[in-house]
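Structure first, then comments.
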Amino acid sequence: MLARVFSGAVYGVDAYPVEIEVNAGHGDPQMVIVGLPDAAVRESKDRVYTAINNSGLFSKSGRITVNLAPADIKKEGPNFDLPIAIGMLAAQGEIPAEALQQYAIIGELALSGEVRRVKGVLPIAMRMRDEGRHGFLVPAENADEAAVVDGIAVYPVRNLREATDFLAGNLELAAYGVNMSEVSGHLGEYPVDFADVKGQEQAKRAFEVAVAGGHNLLAIGAPGTGKSMLAKRIPSILPPMTLEEALEATRIHSIAGTLAPQTALIVNRTFRSPHHTISDAGLLGGGAHPSPGEVSLAHRGVLFLDELPEFHRNVLEVLRQPLEDGVVSISRAAASVTFPCQFMLVAAMNPCPCGFYGDLRRECRCTHRQIQNYRNKISGPLLDRIDIHVEVPSIEYDELTTLAPGEPSAAIRERATTARAVQQNRYAGRNGLHCNAAMDAKAMQSFCVLGSDARELLKMAMNELNLSARAYDRILKVARTIADLAASTDIDAEHISEAIQYRTLDRQLWV
């Protein structure tokens, strides 16, 4: 007897339908799985047989043939355990074959028959809805993320026996739902706040400007000055996520398997901080079956690179294309996949190898050549994509011991959100342009017009501080953001003056 079960799998960020055909016939008792299964899928036959027996269900002896269609795409992982088991039972008459037509099924089986959580349930649920399935049987731990999708009923199952009884009509299961108002109620809740930061008013201002204009930022300072502390609080001042952004971020984390159990939706900006020993594949993503890397896991959030010069040079260089395009493409012999990676890059570094160049309390032991070599570990093309360089000085004792809290993140976030709204209105209708940091040369000519005083000040800075053409563009973009924060339609001299302060490396003040 032949049975058909519907399921799905993920390639890149998109899901595709998988039809599982199970035929129970005569012959030697064995199971054969065809349709380009990998080792994990081939091993499912042992898990399935044992789970069926330990669930108290009947499995007839004979040849079982399982086909995973389409047969020209490699199938990976344990996602097909549950649908294969259901197909076997249906092929042997334990479940009515017609009951399977309206459902999609996914899940890994333990030997006890328990159904375990799997990756990629959210994009698969979206695809199953588009395929016209009315119901989706998922592991109980994946029910929250699947229930976010409208238009398909989600049925969480805890074990094989429960799934079998439901499909056979011997058990009623209620469709699972999530309270979206309750989920969105956690919007803007972060465990850290800028109110915790003592002093560092100039650095906090630079971080606010960076967030308001979508600018990448590099913090430079001695160890212990608070660079990492400030960076970890950036998500708390970014504009709140929209539903579309939340779905994009959740889908990527669902595919990567980093979504926490019982999580319906990622409603707050993510913060990713990989170690400096990470490989280029770990940063961009990859593998035989490509999975998202750190740049994609930081999508719509923050990617923080601490101790920037300690990262391998080739790892830093592969960041250039994702920063420019907002997507990362991974090519394999079979196909290419594209992962979104629109993130804010925040990096931190010491001013020298020992970390104390320019510090008033501790003497630097580095030579001029050592400092220059340390700085040269960061290439010019990468620095081209970082608009703001800010020095984070040591904190004075009086600032550390003050009892007065700093300005809370909510107040800073409100100003940044207002500035972003101004930019979205300004760039409406321009494809790919949503913030000041994304301006091209044509947009800068239209929206970065300077008055005579501002133009003279910028000219003087270019000549006296020996600023590069690269710095000129960055100063204009940052000045446009500072003007937006001040609710000014014009870029004035004071805006240019502040923007010049955020080009520490170009001014060459500490080499």
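The values are calculated or read from the model by the stated rules, or taken from the named source; none is laboratory data. Just so it is clear, the model here is predicted, and its values are computed rather than measured. Note: ideal-geometry Cβ built from the backbone for every residue, glycine included; neighbour counts use all protein chains shown. SASA here: full protein model, heavy atoms, side chains in, ligands and nucleic acids out. Shrake-Rupley method; radii C 1.70, N 1.55, O 1.52, S 1.80 Å.
Look at region 185-203: where a residue is modelled with pLDDT of 90 or more and a partner is open to solvent by 30 Å² or more (accessible area, probe 1.4 Å), sitting 6+ places away or on another chain with Cβ atoms under 6 Å, you get Val192/Lys232; Asp193/Pro408; Ala195/Pro405; Ala195/Pro408.
For region 267-291, residues that are closer than 30 Å to Gln372 by Cβ and outside any helix (DSSP H, G or I) total 7. Mind checking whether some residue in region 113-122 is in a strand (DSSP E or B), open to solvent by less than 20 Å² (accessible area, probe 1.4 Å) and closer than 20 Å to Ile64 by Cα? No. Looking only at residues of region 130-141 that are touching a strand residue (DSSP E or B) at 6+ places or on another chain (Cβ under 6 Å) and small (Gly, Ala, Ser), we find that the one that is most open to solvent (accessible area, probe 1.4 Å) is Ala140. Going by what's in this entry, would Ala195 be described as surrounded by fewer than 20 Cβ atoms within 10 Å (Cβ to Cβ) and either in a helix (DSSP H, G or I) or in contact with a helix residue (DSSP H, G or I) (Cβ under 6 Å, 6 or more places away or on another chain) (or both)? Yes, satisfied. Scanning region 33-47 turns up one or more residues that are within 36 Å of the chain's Cα centre (by Cα), at positive phi and surrounded by fewer than 16 Cβ atoms within 10 Å (Cβ to Cβ). Checked against the criteria, Ala153 does not count as surrounded by 13 or more Cβ atoms within 10 Å (Cβ to Cβ), more than 25 Å from Ala416 (Cβ to Cβ) and touching a helix residue (DSSP H, G or I) at 6+ places or on another chain (Cβ under 8 Å). Asp144 satisfies every condition listed in (1) buried (at least 24 other Cβ atoms within 10 Å of the Cβ); (2) closer than 29 Å to Thr65 by Cα except (2). The residue that is modelled with the highest pLDDT, counting only those in region 443-472 that are open to solvent by 100 Å² or more (accessible area, probe 1.4 Å) and farther than 11 Å from Ile496 by Cα, is Gln445. If the condition is being of a type in the set (Gly, Ala, Ser), touching a strand residue (DSSP E or B) at 6+ places or on another chain (Cβ under 8 Å) and more than 20 Å from Phe311 (Cα to Cα), then region 258-297 contributes only Ser291. For region 215-228, a residue qualifies if it is modelled with pLDDT of 95 or more and open to solvent by 10 Å² or more (accessible area, probe 1.4 Å), and exactly one does: Asn216.
Just wondering, is there one or more residues in region 262-273 that are without any contact (Cβ under 8 Å) to a residue 24 or more places away in the chain, open to solvent by 10 Å² or more (accessible area, probe 1.4 Å) and small (Gly, Ala, Ser)? No; the residues of region 262-273 include none that is without any contact (Cβ under 8 Å) to a residue 24 or more places away in the chain, open to solvent by 10 Å² or more (accessible area, probe 1.4 Å) and small (Gly, Ala, Ser). Across region 292-326, what is the total count of residues that are assigned to a strand (DSSP E or B) and open to solvent by 50 Å² or more (accessible area, probe 1.4 Å)? Going through region 292-326 one residue at a time, the tally reaches 0. The set of residues in region 457-484 being assigned to a helix (DSSP H, G or I) and touching a Lys or Arg at 6+ places or on another chain (Cβ under 6 Å) consists of Ala471 alone. Criterion first (under 19 Å from Ala146 (Cβ atoms) and either surrounded by 12 or more Cβ atoms within 10 Å (Cβ to Cβ) or within 26 Å of the chain's Cα centre (by Cα) (or both)) does Val178 satisfy it? In short, yes. For region 8-23, the tally of residues that are surrounded by fewer than 21 Cβ atoms within 10 Å (Cβ to Cβ) and over 19 Å from Arg332 (Cβ atoms) stands at 4.
Right, Pro393: surrounded by 12 or more Cβ atoms within 10 Å (Cβ to Cβ), farther than 18 Å from Val209 by Cβ and either in contact (Cβ under 8 Å) with a residue 24 or more places away in the chain or not aliphatic (A, V, I, L, M) (or both) or not? So Pro393 does not fit the description; no. The single condition among (1) in a loop (DSSP other than H, G, I, E, B); (2) open to solvent by 60 Å² or more (accessible area, probe 1.4 Å) that Gly406 does not meet is (2). When you scan region 496-504, do you find a residue that is surrounded by fewer than 17 Cβ atoms within 10 Å (Cβ to Cβ) and not in a strand (DSSP E or B), even just one? Yes: region 496-504 contains one or more residues that are surrounded by fewer than 17 Cβ atoms within 10 Å (Cβ to Cβ) and not in a strand (DSSP E or B). Residues that are under 23 Å from Val154 (Cα atoms) and not charged (D, E, K, R) number at least 3 in the following strands (runs of 3 or more DSSP E) confined to region 1-107: 2-11, 14-25, 103-105. In region 57-76, the residue that is least open to solvent (accessible area, probe 1.4 Å) out of those that are at pLDDT 85 or above and over 39 Å from the mean Cα position of the chain (by Cα) is Ile64. The number of residues in region 360-382 being closer than 28 Å to Phe271 by Cβ and either open to solvent by less than 60 Å² (accessible area, probe 1.4 Å) or part of a helix (DSSP H, G or I) (or both) comes to 7. State whether one or more residues within region 89-103 are among the aliphatic types (A, V, I, L, M), touching a strand residue (DSSP E or B) at 6+ places or on another chain (Cβ under 7 Å) and open to solvent by 10 Å² or more (accessible area, probe 1.4 Å). Yes, region 89-103 contains a residue that is among the aliphatic types (A, V, I, L, M), touching a strand residue (DSSP E or B) at 6+ places or on another chain (Cβ under 7 Å) and open to solvent by 10 Å² or more (accessible area, probe 1.4 Å).
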